[in-house]
Each structure stands twice: as structure tokens, then as C-alpha cells.
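**Q** Following this message is one structure expressed as C-alpha cells.
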Amino acid sequence: MTKVLHLEAINRSFGDRQVLRDVTFDVTAGRMTGFVGANGAGKTTSMRIILGVLAPDSGEVTWQGNRLTREDRRRFGYMPEERGLYPKMTVRDQLVYLGRLHGLTVQAVNRNVDDLLEWLSLGERANDPVENLSLGNQQRAQIAAALVHDPDVLVLDEPFSGLDPMAVDTVVSVLRERTHRGVPVLFSSHQLDVVERLCDDLVIIAGGAIKAAGSKDSLRDSYAQRRFALVVAGDAGWVRDQPGVTLVDLDGPRAVFDLADGADDQVVLRAALERGAVRSFGPVTPSLAEIFREVAR
Amino acid sequence: MNTSSAIRLIAARELKVKIKDKTFLISTILFLLIAVGSTVLPAMLGGGASSVAVADSASATTLRDAGLEVTQVSDDAAAEQAVRDGDADAAVVTGGGEPRVLAMDDAPRDVIDALSSAPTVQLLNPDAVDPLLAYFVPFGFAIVFFFTSLTFGLQIAQSVVEEKQTRIVEILVASVPTRALLIGKVLAGGLLALAQIALIAVVTVAGLQLTDNGAVLSLIGPSIGWFVPFFLVGFLMLAALWAAVGALANRLEDLQGVSMPMQLVVMIPFFLVVFLSDNKPVMTLLSYIPFSAPTAMPVRLFTGDAAGWEPLLSLGVMVIAAAILIGIGARVYDGSLLRTNGKTTFGAAFRDKESRRLADLNS
């Protein structure tokens, strides 16, 4: 059995408002799964249901094919959307406490805390109360809290919000190291560029329903239209008259266009060469932001 | 890891945090000072036997036999001078034949008694309590129960709000049952409160023994002995409700308002016992009402108004009330702990279905 966290047809309403509709997706071992959606799309609700902080109205969450138990969840690492640790407890004390609550022995937890503090560059602040830390360092401590018990699964709600680019890189390297050990990682983010850079798999949610889910590459392929960019020496306006071409964008010598099925991109290239020099020509892969806009529409 | 080791970890954290807490340290020290002050200080101030300056050696012997501190001087004038200089509390002069007692502004009772022959006194109610003690003992029990119960109750509530406000509760609930969180907190609070009042009890008893107040001790000792179990049950009875009001608040700022009914539940019995301690029917009633029994019953035992079986019956009533109130408190705590948006009422939290669905999910 592969290590898969699976959500099956999860529904959830708050009063009359249905916030999740038949939410189904997988988080696979050793892969980073980005969870994207607008505010209020249902990301946090889904994550809270995975962690057993909220109950689904119907549907279930399974881990390695079995329904989740509290014992399984104790081996999960969770970073809630709204951050917080005990303000007056030192970083080290609370990491040790949380590690112990997740079932680790004193020796194991001390070893993990030392490693994490070093990795997250928090070693010098280990004996400071959390309330005395800068926001960025508090965020690092929060990530350490999710990782302290060597979790089998990681569920992180907006782990990068509030981090400077350096800290993002630090956290990314820590998360990468976990996926290399075979841990499935689910993380949500508003920052589509970060998600694009990081994730292997992608789940897009809008209005409480999953709009797309799968590997980043396969999603790209399925949402890629036959789109090309052409840069010539002169004005590229003539491209619009070529058979099968739908012009998307024209800016002097630069043209972006979609080609109808069956039309040959090489025909357009030859036509360009006949008119003069061609500086560049090639297919355009859609960015995550474009796919997201397309899917969530 | 099982629930009981989770409870141990949680209680250990609470203890560690609170022992470092200033409120706890200050209130403990304050109570100890009061206990020492009210037992040792009067003996020191009312301070022992009077010192007497006397010239006549026959009088000196009489006074010495009465346990007074006697300074023998050369003549009556020297004795008078000793009083004027403040070297002695009193002087006994025999210039005119009959001894006269000289003092500055206060007739020294013990000197007068030593020189006069008192008529035989027969007390008809020898066990009757000194009226001053009769006033202070109920006040003492009431104030210790009131402050300790309020302080530690509020601390349980604050600790719950803190976890809720910082949302660390989501991480906790994902790994341990809410029941473990509640029990851990209540145990830690109960343990500290019990340690504090046990310490006060020990200091009070030791203080009375040290100052030779054996008579008072034999009167008050059994009441103190009963006060401890009454206090413990009384505290645990309310502890889960304190946790519940903590869970109903979203922020520490809300706690004052949300916990007001609980503060009244502790405060009203305090005033009733203090102001009505000489009203026997009312005190009898109060000693069976679970909220006031922890104070009222030890007071009745002290004044000798309660029969031997009464504290047991009252304790039994309290244990039943505690079982009910702990059940209600635990349910409201579960029902409101994870509700963070908007105000949660006691009733809504009691009827909450989410927590029971979660419990089913995790069972």
C-alpha cells in the first residue's frame, strides 16, 4: 500500500452555507502538494477536517487505505492557519512539550529539537519566550512545532505567509528534506509563484469544490492551449491574417497567439522568415496563475 | 501514548508554568504571612507578663510566684522612677502599709490579680468560644476558601483562554483528547490550591502550638482538619466550570465578563458566611448548600453546633453536586473550545453537536 492521504467525498456545511462539496483528492508520499484557492474557498476547512479539529458532514479521510484514527493523527504535523504558541513559554520548552504530547520520548524529542532549532536558525533564541521573538522567528518556531515529532504526514496552512524570501528558502529546504524521506506534504498558499516553484502536485479548490487535482506537469499539459510567442525584426501585425491563428497579444514586433487544432506552427514560422529576421519563436506554457484563473473561473 | 500519560504531561506543564507565576507566589506568601500574623503576632504584642519594679521583698516574692518579671529596687521612689522611665510596666509600692500599684496609663491586670484574692469562678458553659475568635475563625475560613478558590479557578480559566486565543488548542486537540486537556488542567490547579491551603493549615497549627495557644488549637484543630477535604471537593466541584467559562471566552479581555457568574458563586457564600456566622439556622442551611458548605461546615464544627455525622452528610451532598457540575462543565468546555467565531453562550456550548461528532470520529 502506498502512503497516500486520501480525502473521499467530504461535505461540510456551516448552518445553511455549504463550504465543502464532495471534496476528493490525494496527498501522495514523497510529494509536495500545493493546495490553492481564493479566500473562503475551503482550504482551511479541509485541513481542519484532515486533522480532526472539525468533523465532516459526510465522507472520510483515509491514511494508507484505512480510516484515520487519533493515533494516526498524533503522527501528523499540523500548522494551523492562525498562528500561536504559548507566549510565555520558551521556544525549547514548548517544542519539547509538543513533541512529548505527540508521543516522543524525552531523548528523541531533545534530539529533534536540537536539529530543528539549528536547521531553522533558531538556536540562539531557544531559551527566549516566544512572545519576545520577531514575527519571522515566531513563524519558524511554529514550523518547528509542526515538525518536532518527525510526523508521518505534514499539513501546513499557509506556511509561507509572513516569511521573508530567505526564510521561505530555509523552510522550503526543510520541507524538501521531509519529502525526500517519503513524507506526504500538503500546504496551502496564496503565493502562486511559491506554489509553482515548490509543488509536485496541485489541488485547486473554488467555492468548496475541487476544480482540478493532479501533478503540476499534467495540469499544465491539460490546460495548455496551443499558444506560441513570436518575436520578429519588424512589426508582427501580419500574424493575425495567418490561417488558424487567434491573436492573444500584439506589441510591435512581439505577438502571442493561439493556433487552431490542425494548423501547423511551422507554417507560421516559415511565413515569418519570409518576411525577415525572427528573433525567437516557441510554445508558451501557461503559468500557475493562468491555470488558476482559468480553472477557478 | 495513552490518555493518562497525556494528562500527566499536561498537568506537569501547568504546574511548571504556575509555580513560576507571580500571582501564585504572592498569594501564597500573603496567606502565610496572615496565618503567621494571626497566630504568632498577638502573643508577641499582647506580649507576656508585665514587668514590675518593687522594693518590698515580700511583695516581690508574691509577684514572682505569679510569673511576673520582677525587678527589685532600693525604695518606693526608685520603683516609681522605673515606671516613669519606662523600665518597668508597673511598680508596687508599700509606703502607706497597703500595697499600691503604680502604672502609666493602663491598669496591669496580671499585677492586680497577683496581689488580690479572686473569688472562685464557676463557668456554666466552659466550652463557649472567645467572642473575638468566634468572629475571626469564620472570617479566616471564608477568606481562605474565597481567595484560593477564586485565584486558582481564574487561573484554570486563563490557561484555557490562552490556548484558545493563541489557537495552540488546534494543535493540542489534533493530538490529545479534549478530556485529557481538561483533566490535566483541573488536576494541576487542584494540586496547587490544595498545597497552598495545606501549607496555611500547617502554619496556623504550628503557630498556635508555638505560642502555647493549646486551648485554641484543640478548638480549631478539628475544623481545620475538616476544612481540607471540604475545600478539595468544593474546588474540584467548580474547576470544570472554570475551564468551561475559559473556553467560552475568545480572548483574555472577555474573561472578566464571561466568568462573572462564577465569581458570584464564590463571592456570595463568602459574604453570607462572614455576615451571618452567628445566625444558627442560616449557618445550618449554608453548611449543606454545596457552594457555601466548604466554609460554613468547618465554622459550625468550630462553634460546636454541628453533630459528628453532619460533615459527612454535607460532604456526601457536595460529592454528588461535584459529579453533576463537573459533567456540565466538561460538556460546555468541549462544546466551546474550538468555536472561535462570534460569542458562544453557555447553552449553545452545552447543546453543541460538533464536539460529540468529533469524539465519535476519534473513538
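**Q** At a 10 Å Cβ-Cβ cut-off, how would you order B:PHE145, B:PHE271, fewest neighbours first?
**A** B:PHE271, B:PHE145
**Q** What are the ³J(HN,Hα) values, in whole Hz, obtained from phi via the Karplus relation 6.51 cos²θ - 1.76 cosθ + 1.60 with θ = phi - 60°, for each residue of segment A:238-250 in sequence order, with x given for Gly and Pro?
**A** Rounded to whole hertz, the list is 5, 4, 4, 8, 6, x, x, 8, 10, 6, 9, 8, 9.
**Q** Additional query: For segment A:88-153 and segment B:156-191, compute the distance between their C-alpha centroids and round to whole Å.
**A** The distance from the Cα centre of segment A:88-153 to that of segment B:156-191 comes to 19 Å.
**Q** Set Lys and Arg Cβ to +1 and Asp and Glu Cβ to -1, take the dipole of the protein assembly as shown about its Cα centre, and tell me which of A:ASN112, A:GLY40, B:ALA180 lies farthest positive.
**A** After comparing all options, I get A:GLY40.
**Q** Rank by packing, highest mean first: peptides B:322-330, B:6-14, B:179-187, B:113-121, with packing defined as the count of other Cβ atoms within 10 Å averaged across residues.
**A** Order by mean packing, descending: B:179-187, B:6-14, B:322-330, B:113-121.
**Q** Further, regarding this structure: Could you pull out the pairs from A:LYS88/B:LYS18; A:LYS88/B:LYS343; B:LYS164/B:LYS353; B:LYS16/B:LYS185; A:LYS211/B:LYS353; A:LYS211/B:LYS164 whose alpha carbons sit more than 22 Å apart here?
**A** Beyond 22 Å: A:LYS88/B:LYS343; A:LYS211/B:LYS353; A:LYS211/B:LYS164.
**Q** Among B:ASP75, B:ASP352, B:ASP305, determine the one that fluctuates most according to a GNM of chain B built with springs between C-alpha atoms less than 10 Å apart.
**A** B:ASP75
**Q** Taking θ as phi - 60°, what are the ³J(HN,Hα) couplings along segment B:309-323 by the Karplus curve (6.51, -1.76, 1.60), each to the nearest whole Hz, with x for Gly and Pro?
**A** So the Karplus estimates, Gly and Pro as x, are 7, 4, x, 5, 4, 4, 4, x, 4, 5, 5, 5, 4, 4, 4 Hz.
**Q** Take the eigenvalues of the Cα gyration tensor for segment B:253-363, scale each by 5, and report the square roots as semi-axes in whole Å, largest first.
**A** So the equivalent ellipsoid measures 37, 18, 8 Å along its semi-axes.
**Q** For peptide A:42-52, how many partner chain Cβ atoms fall within 10 Å of a residue's Cβ, on average?
**A** 2
**Q** Continuing with this model, one more query. Applying 1/(1 + (r/R0)^6) with R0 = 25 Å to the Cβ-Cβ distance of B:ARG64 and B:SER38, what FRET efficiency is obtained, to the nearest 0.05?
**A** Once the sixth-power term is evaluated, E becomes 0.20.
**Q** Post the alpha-carbon centroid distance, segment A:241-297 to segment A:1-57, in whole angstrom.
**A** Computed from Cα coordinates, the inter-centre distance equals 38 Å.
**Q** Let me ask something else. Report, as an integer, the average count of C-beta atoms from other chains found within 10 Å of each Cβ along A:100-107.
**A** The shielding value for this peptide is 4.
**Q** Please compute the Kirkwood hydrodynamic radius of chain A from all pairs of different C-alpha atoms, in Å with one decimal.
**A** Hydrodynamic radius (Kirkwood, Cα pairs) of chain A is 21.5 Å.
**Q** A further question on this structure: Stretch B:ASP75-B:ASP305 to full length: gain in nm at 0.36 nm per residue minus the Cα-Cα span?
**A** Stretched out fully, the B:ASP75 to B:ASP305 stretch lengthens by 77.3 nm.
**Q** Mind checking the dipole of segment A:224-296: about its Cα centre, +1 per Lys or Arg Cβ, -1 per Asp or Glu Cβ, Debye to the nearest 20?
**A** Using Cβ point charges on Lys, Arg, Asp and Glu, segment A:224-296 gives about 160 debye.
**Q** Could you give each residue of segment B:71-83 its phi-based ³J(HN,Hα) in whole Hz, using Karplus coefficients 6.51, -1.76, 1.60 with θ = phi - 60°, and x for Gly or Pro?
**A** Once rounded to whole Hz, the list reads 10, 7, 10, 6, 8, 4, 5, 5, 5, 5, 4, 4, 5.
**Q** Over all residues in A:84-97, what is the mean tally of Cβ atoms on other chains that come within 10 Å of each residue's Cβ?
**A** Mean partner shielding for this stretch: 3.
**Q** Another question, if that's okay. Taking N as the number of residues in segment A:224-296, what value does Rg over Cα atoms divided by 2.2 N^0.38 Å take?
**A** Compactness ratio reported: 1.11.
**Q** Using helices alone, I'd like the mean residue ellipticity at 222 nm for chain A: each DSSP H run of four-plus residues gives -39500 (n - 2.57), total over residue count, nearest 500.
**A** My calculation for chain A gives -10000 deg cm²/dmol from helical runs alone.
**Q** Report the local net charge at B:VAL160: Lys and Arg +1, Asp and Glu -1, summed over other residues whose C-beta lies under 11 Å from its C-beta.
**A** For residues surrounding B:VAL160, the net value is -1.
**Q** Inverting the mean 1/r over all pairs of different Cα atoms, compute the Kirkwood radius of segment A:173-213 and quote it in Å.
**A** 11.5
**Q** Just the number, please: percent antiparallel of the DSSP beta bridges in the protein assembly as shown, rounded to the nearest 5.
**A** Around 65 percent antiparallel, to the nearest 5.
**Q** How long, wide and thick is the protein assembly as shown, going by the Cα atoms along their three principal axes, in whole angstroms, largest first?
**A** Projected onto its principal axes, the Cα set of the protein assembly as shown covers 151, 52, 41 Å.
FYI, it's all coordinate maths here, none of it is from the lab. This is a predicted model, so every value here is computed, not measured. All Cβ positions, even for glycine, are placed from backbone atoms using ideal geometry, and neighbour counts span all protein chains on display.
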